[in-house]
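K.L.:
Structure incoming, see below.
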Amino acid sequence: MDDTASTTTSVEDNTGNLLDNPTRDTLAEGLLGLLKPTVDQLDERVRATRISQLELKQQIESLNEELQKVKEALNNHPDLDPYVKKLIACKHKVTVVLNVLQASQNQNRAQAGLCLIRAASTDTMETPYQNHIDSKDFDHVYEPAEDSFLLIDALEKDLEFLSSKKPIFCLEVGSGSGVVITGLGMAFPQTICFSTDINLKACVMSKSTASHNRVALECVNMDLTSCFLDNKFDIIIFNPPYVVTESSECGGTDITASWAGGVKGRQVTDRLLNMIPKQLAEGGVFYLLLIKENIPEEVADIMMKHGFQSETVIKRQVRNEHQLVMKFYR
Amino acid sequence: MKLITHNMLTSKCLKGVLQGYPLAINATDVKVTEVDFNPEFVSRIIPKLDWNVLWGAADSLGHSEGLPKTVEPKYEEDQEFLKKAHHVLLEVEIEEGTLTCPESGRQFPISKGIPNMLLTEAEVQ
C-alpha cells in the first residue's frame, strides 16, 4: 500500500515538474523534430496518392463513358455488361479509398496544427489547426482546399524573402476560413495581421481560426480593401473567386462570392489589382492565386503598367485546374 | 477591433466623402486583454500611425491617461511611453459599438469585434 501511495505521489510530482519544466519544451521540440519529417512525408505521399487516385478515377470515368458508347454502338452487346459493372464497382472503390485518404490527410494536418510551435525558425510554416470549425459552417464559407494550401505553400517557399522585408502589417483580402492569414501570422508572430471579407460569416470564422491558433487577427467586413488608408500593408495576399462564370453571378456577399469570378474569372481580381499600388507600403509585396483560365500573362501586364515586377512562385495541377501563385513587387 | 485598425480605417469610399477620417468611435463594450509587450515591435509600429488619431481614439474610450499627445524624438528609448502605446494599440479592443463617418454621419456597426464597413451600391463613389 505504502509503495503504491509513494509511487502515485512521485508520478504526480513528476507531472507537476513537467508542467513547469523547461526540458519539456526541449523534449516536445525533439519529439516534434523526430515526428514532423515523417508526418510531412506521409502528408506529401498521401497528397500524391490522392492526386493519382483522382486521375485514376477520372480515367475510369472516361473509360466507362467510352465503354457505354461502345456498348450502345454494339446494340447492347451482352459481353460488355459485366465489364461495365466491374468498372463501376472499381470506381466506387476508388471513391472510398479517396475519402479515406482525404480523412487521413485532414487528420495529419490537424495533428500538425496541434503540434504547432510558433516557429522562430523561418523555413517552414505550420498549417493552422482547424478542428474548431463545424462542418456545417462550410455551407456558408469557402472550405480550405488545394488552392488555399497552394497559397500557404507559396508563402512558405518565400519565407526567407518575406522575413527580409521585416513586415509589420499583413493583410489577406477575402480570407474565408482564415487558414492562410493565420498560417502567416503563426510564421511571423511579430506582425499585425488583418483580414477582410465581404461575407460576415467568413469574418467570424477567420477570427476564430486565428484565435484558436493564438494569432491576433483584425477582421473587417468590407469589400476588398475599400476602407483602408493608403500605403499601410507590407504583405497582401489574395485567393480570389477565380472560377469563370456569367458576369451576373459575380457580386454576391454569400458563399458564391468565394468562387464566382465572372468574365475570365477575373472581375473581382481586376478590381483589386487597381487598388494594390495604393494599398501596399513602400517595398510591399502582393501574392495572388490564379488559374490558367484567368490568363496570368494579362495580370502581369496590368501590374507592369502599375510599375510592378511579377514572378510565378509556385504551380500545381489539381484535377483539370492549373493553379499558380504569382507575386508582384516594385 | 483594436485601435490600430481604427487608425487605418476610412469612409472615403462613400459617395461625396473626401477624407472620411478619422471615424468617430461610440463603444458600448470595450475589452482589455493582456498582450506580450515587445518594445522593439511597438517602436516599429509608431511611425506607421497617425498619432493624433490614436490619441483621440484612446481618449474617447477613456484610455488616454498618461498617453502623451505628441510623439517625442527618441521615443524608442522611452519604455514607459512604449508600454502606454502598446496598451492602447494592442490591448484595448472594441467589441460592440459604432464608427461614424465624420462627414456624412453614416454609421458602421461593430459587432463581436468586427466592424461592418459594407456599403450599398448606391453609396459607393
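The values are calculated or read from the model by the stated rules, or taken from the named source; none is laboratory data. The model shown is predicted, which means the values in this text are computed figures rather than measured ones. Using ideal geometry, Cβ is built from the backbone for each residue, glycine included, and neighbour counts are taken over all protein chains shown.
K.L.:
List the number of the failed condition for A:Asn76; all other conditions in (1) modelled with pLDDT of 85 or more; (2) not in a helix (DSSP H, G or I) hold.
P.N.:
Result: A:Asn76 passes all but (1).
K.L.:
Is segment B:59-76 home to any residue that is more than 28 Å from B:Lys15 (Cα to Cα), of a type outside the set (A, V, I, L, M), in contact (Cβ under 8 Å) with a residue 24 or more places away in the chain and within 12 Å of chain A (Cβ to nearest Cβ)?
P.N.:
No.
K.L.:
Same structure, new question: Which one is farthest from the chain's Cα centre (by Cα) among residues in segment B:25-42 that are of a type outside the set (Phe, Trp, Tyr) and closer than 22 Å to A:Asn231 by Cα?
P.N.:
B:Glu40
K.L.:
Continuing with this model, one more query. Quick check on my filter: what residues within segment A:221-266 are outside any helix (DSSP H, G or I) and among the basic types (Lys, Arg)?
P.N.:
A:Lys232, A:Arg266, listed by residue number.
K.L.:
Could you list all residues from segment B:31-49 that are of a type outside the set (Val, Ile, Thr) and more than 11 Å from B:Leu3 (Cα to Cα)?
P.N.:
Hits for segment B:31-49 are B:Lys31, B:Glu34, B:Asp36, B:Phe37, B:Asn38, B:Pro39, B:Glu40, B:Phe41, B:Ser43, B:Arg44, B:Pro47, B:Lys48.
K.L.:
Please go through segment B:51-91 and pick out each residue that is among the polar types (S, T, N, Q) and within 14 Å of B:Phe37 (Cβ to Cβ).
P.N.:
B:Gln79 - this is the single residue of segment B:51-91 that is among the polar types (S, T, N, Q) and within 14 Å of B:Phe37 (Cβ to Cβ).
K.L.:
Shifting gears a bit: Applying the selection to segment A:214-259, what residues are free of Cβ contacts under 8 Å to residues at least 24 places away in the same chain and either at positive phi or in contact with a Pro (Cβ under 9 Å, 6 or more places away or on another chain) (or both)?
P.N.:
Passing the criteria: A:Cys227, A:Cys250, A:Gly251, A:Thr256.
K.L.:
Within the bounds of segment A:239-253, is there any residue that is among the hydroxyl-bearing types (Ser, Thr, Tyr) and facing chain B (nearest Cβ under 10 Å)?
P.N.:
Yes - at least one qualifying residue is present in segment A:239-253.
K.L.:
Same structure, new question: Being under 20 Å from A:Leu159 (Cα atoms), under 23 Å from the mean Cα position of the chain (by Cα), away from every other protein chain (no Cβ under 14 Å) and outside any helix (DSSP H, G or I), is that true of even one residue in segment A:268-286?
P.N.:
So far as segment A:268-286 goes, yes, one or more of its residues are under 20 Å from A:Leu159 (Cα atoms), under 23 Å from the mean Cα position of the chain (by Cα), away from every other protein chain (no Cβ under 14 Å) and outside any helix (DSSP H, G or I).
K.L.:
Also, I was wondering about something else. Where in segment A:128-213 are the helices (runs of 4 or more DSSP H), entirely inside, with at least 1 residues that are within 11 Å of chain B (Cβ to nearest Cβ) and without any contact (Cβ under 8 Å) to a residue 40 or more places away in the chain?
P.N.:
Qualifying helices (runs of 4 or more DSSP H): A:200-212.
K.L.:
I would also like to ask the following. Do you know which residues across segment A:21-72 are basic (Lys, Arg) and more than 30 Å from A:Val318 (Cα to Cα)?
P.N.:
Result: A:Arg24, A:Lys71.
K.L.:
Among B:Glu121, B:Glu93, B:Glu80, which is the only one that is out of contact with any Cys (no Cβ under 8 Å at 6 or more places or on another chain), surrounded by fewer than 18 Cβ atoms within 10 Å (Cβ to Cβ) and either at pLDDT 95 or above or more than 10 Å from chain A (Cβ to nearest Cβ) (or both)?
P.N.:
B:Glu80
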